[in-house]
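Visitor: The structure follows.
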Amino acid sequence: MKIAYLGLGIMGRPMAVNLVKAGHEVTVWNRTAKSVEGAKTAATPAEAAKDAEVVWMCVADTKAVETVLFGAGGVESVLRPGVTVIDSSTIAPKATVEFAKRVRAKGAEFVDAPVTGSKVGAENAQLLFIVGGPEKTVEALDPLFRALGKKVIRVGETGAGESAKIGMNLMIASIFEGFAEALALTGKLGVKPEILVELIENSMIRSGVTDYKSKFVLKQDWSANFPLRLMLKDIHLMLDTAKDEGVKLPALTEIEKVYQKAVAAGHADDDFASTVETVRGL
Ligand code: NAP
């Protein structure tokens with residue numbers, strides 16, 4: 001299949017690599033020049049998308065998706081019937097619905113397919129796709145999702161994938177904050193972090209979040225798998241959406257302050273696991 005892959009960051013690059021490995025004809029584009037072995041490189045999103053059957057994006061935030069689709073050299077100018085746009089970025093559910101309307105006005109289809117599984121999941125083609133879009137379109141994309149992931153769950157119509165995704169990341173931020181606060185308290189009491197981790201691993205507290213992150217925390221390795229700035233972006237998506245919907249998120253409101261402190265301390269580009277240090281210093 002002819003696929004344009006737009007955005008070669010921590011998540012996008014391994015996804016594009018795995019599409020090439022699966023035998024697809026891939027053309028990549030990234031804001032700052034980057035390439036992928038076995039794929040063509042385009043100078044603009046429109047150039048990448050001009051002959052593509054599928055245009056797949058994984059960029060930082062809502063503004064970035066808007067620019068890639070509708071900005072100068074954006075995908076919109078080459079959209080036509082038969083093309084499906086897939087967005088694997090984590091962005092605002094409301095904006096997703098608006099973007100999909102504009103894409104459909106050109107006769108193309110739009111599916112939101114944010115992911116979970118982080119850098120390791122993307123590299124090992126073990127992502128979970130959280131999908132919103134028309135049933136038939138999502139079904140037709142199944143082989144592509146399977147080439148990059150272990151499971152696909154269709155949540156509902158367009159935007160529903162992003163709605164569910166921000167709920168999933170709300171859980172990740174909350175679970176990790178519990179881990180960071182437990183480390184801060186038990187550390188003061190003289191419990192070794194590796195013992196706390198062993199206890200977690202052998203109890204009902206065990207979770208994918210602590211399984212993934214504890215190895216990095218024990219080594220104090222803050223290299224970004226999921227950059228803190230992006231988790232803060234997601235926290236803002238959750239808080240803004242909750243405000244629109246009249247839902248209170250008291251714990252997340254406090255967690256946001258921890259992330260602001262971490263950014264002020266220079267951790268924006270580190271992994272969000274570095275909030276362990278921020279919490280310890282509160
Ligand atoms: P990343 O490494 O920071 O990459 C961000 C990508 O977006 C880069 O290709 C960047 O281009 C591009 N970009 C940023 N602003 C742009 C703009 N205004 N116009 C065009 N392109 C722009 O982030 P990532 O970890 O790959 O995450 C990508 C998306 O997946 C985010 O929405 C994130 O929340 C979501 N996500 C991440 C993870 C994870 O664990 N990392 C897991 C699930 C979902 P440059 O290279 O030029 O900066």
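What follows is calculated from the coordinates using simple rules that are stated; it is not laboratory data. Small disclaimer: the values here were computed from a predicted structure and weren't measured. Positions of Cβ are generated from backbone atoms using ideal geometry, with glycine treated the same way; all protein chains shown enter the neighbour counts.
Visitor: According to the Cα gyration tensor, what semi-axes, each the square root of 5 times an eigenvalue, does the equivalent ellipsoid of the range 92-165 have, listed from largest to smallest in whole Å?
Guide: Taking √(5λ) for each eigenvalue gives 22, 13, 10 Å, largest first.
Visitor: About its Cα centre, how strong a charge dipole does the range 1-135 have in debye, to the nearest 20, once Lys and Arg get +1 and Asp and Glu get -1 at the Cβ?
Guide: Roughly 200 debye, rounded to the nearest 20.
Visitor: Using θ = phi - 60° and the Karplus form 6.51 cos²θ - 1.76 cosθ + 1.60, what ³J(HN,Hα) does each residue of the range 75-80 get, whole Hz, x for Gly and Pro?
Guide: For the range 75-80, the Karplus curve yields 5, 3, 5, 10, 5, 7 Hz.
Visitor: Another question about this same structure. What is the spin-label model distance, in nm, from residue 181 to residue 124 if the labels are put 7 Å beyond Cα along the C-beta direction?
Guide: 3.0
Visitor: Just subtract the alpha-carbon distance of residue 21 and residue 268 from 0.36 nm times their residue separation and send over the number in nm, one decimal.
Guide: 85.7 nm
Visitor: If you place +1 on the Cβ of every Lys and Arg and -1 on the Cβ of every Asp and Glu, how big does the dipole about the Cα centre of the chain come out, in debye to the nearest 20?
Guide: 220
Visitor: What list do you get for 254, 76, 109 if you sort them by fewest beta carbons within 10 Å?
Guide: The fewest-first ordering by Cβ neighbours comes to 254, 76, 109.
Visitor: Moving on to the next point. Give the relative contact order (percent, whole number) for the range 2-157; include only Cα pairs under 8 Å separated by 6+ residues.
Guide: So the answer I get is 19 percent.
Visitor: What share of all Cα pairs of the range 163-280, in percent, falls into each consecutive 10 Å distance bin?
Guide: With a bin width of 10 Å, the distribution comes to 13, 46, 32, 8, 0.
Visitor: Only helices at least 27 Å long along their axis, Cα-based, and averaging -0.5 or more on Kyte-Doolittle count here, so list those DSSP H runs from the chain.
Guide: Qualifying helices: 160-188.
Visitor: With the chain treated as a Gaussian network of Cα nodes joined by springs under 10 Å, which of 42, 265, 64 yields the largest mean-square fluctuation?
Guide: 265
Visitor: Next question, about the same structure. Got a sec? Which residues in the range 246-282 would a label at residue 194 touch, if it sits 7 Å along Cα→Cβ and we count backbone N under 18 Å?
Guide: The answer is none.
Visitor: Ranked from highest to lowest mean number of other Cβ atoms within 10 Å per residue, what is the order of the peptides 247-253, 114-120, 12-18?
Guide: Highest-to-lowest ranking by the protection proxy: 12-18, 114-120, 247-253.
Visitor: Let me ask you something else. For the chain, what is the largest minus smallest coordinate of the Cα atoms on each principal axis, given in angstrom and ordered from greatest to least?
Guide: Computed over the Cα atoms, the extents are 63, 43, 33 Å.
Visitor: Among 7, 246, 224, whose Cα sits farthest toward the positive end of the charge dipole of the chain (+1 at Cβ of Lys/Arg, -1 at Cβ of Asp/Glu, about the Cα centre)?
Guide: The residue sitting most towards the positive pole is 7.
Visitor: Still on this structure: I'd like to know which of 153, 207, 182 lies farthest towards the positive end of the charge dipole of the range 87-208, counting +1 on Cβ of Lys and Arg and -1 on Cβ of Asp and Glu.
Guide: Highest projection toward the positive end goes to 153.
Visitor: Now a separate question. With point charges of +1 on the Cβ of Lys and Arg and -1 on the Cβ of Asp and Glu, referenced to the Cα centre of the range 1-126, which listed residue (17, 48, 72) lies farthest in the positive direction of the dipole?
Guide: Highest projection toward the positive end goes to 72.
Visitor: Which value in deg cm²/dmol, rounded to the nearest 500, describes the helix-derived mean residue ellipticity at 222 nm for the chain, given -39,500 (n - 2.57) per DSSP H run of n ≥ 4 and division by the residue count?
Guide: Computed mean residue ellipticity for the chain: -15500 deg cm²/dmol.
Visitor: What order, most packed first, do the peptides 235-242, 87-94 have when packing is the mean number of other Cβ atoms within 10 Å of each residue?
Guide: 87-94, 235-242
Visitor: I would also like to ask the following. Residues with amide H under 5 Å of residue 26's amide H, sequence separation 5 or more or different chain, H placed in the peptide plane at 1.01 Å from N; which?
Guide: 3, 40
Visitor: Then there is this: Roughly how many nanometres apart are two label points built 7 Å out from the Cα toward the Cβ at residue 137 and residue 105?
Guide: With each label point 7 Å from Cα toward Cβ, the separation is 1.6 nm.
Visitor: I'd like to compare 54-61, 205-212: which one has the highest average count of other Cβ atoms within 10 Å, and what's the full order after that?
Guide: So the order, starting with the most tightly packed, is 54-61, 205-212.
Visitor: For the residues 34, 213, what sequence is obtained by ranking on other C-beta atoms within 10 Å, fewest first?
Guide: Exposure proxy ranking, most exposed first: 34, 213.
Visitor: Starting from the Cα of residue 32, step 7 Å along the direction of its Cβ; do the same at residue 10; then give the gap between the two resulting points in nm.
Guide: Distance between the two pseudo-spin positions: 1.5 nm.
Visitor: Sticking with this structure for a sec: For residue 67 and residue 236, calculate 0.36 nm times their separation in residues minus their Cα-Cα distance, and state this gained length in nm to one decimal.
Guide: 58.9 nm
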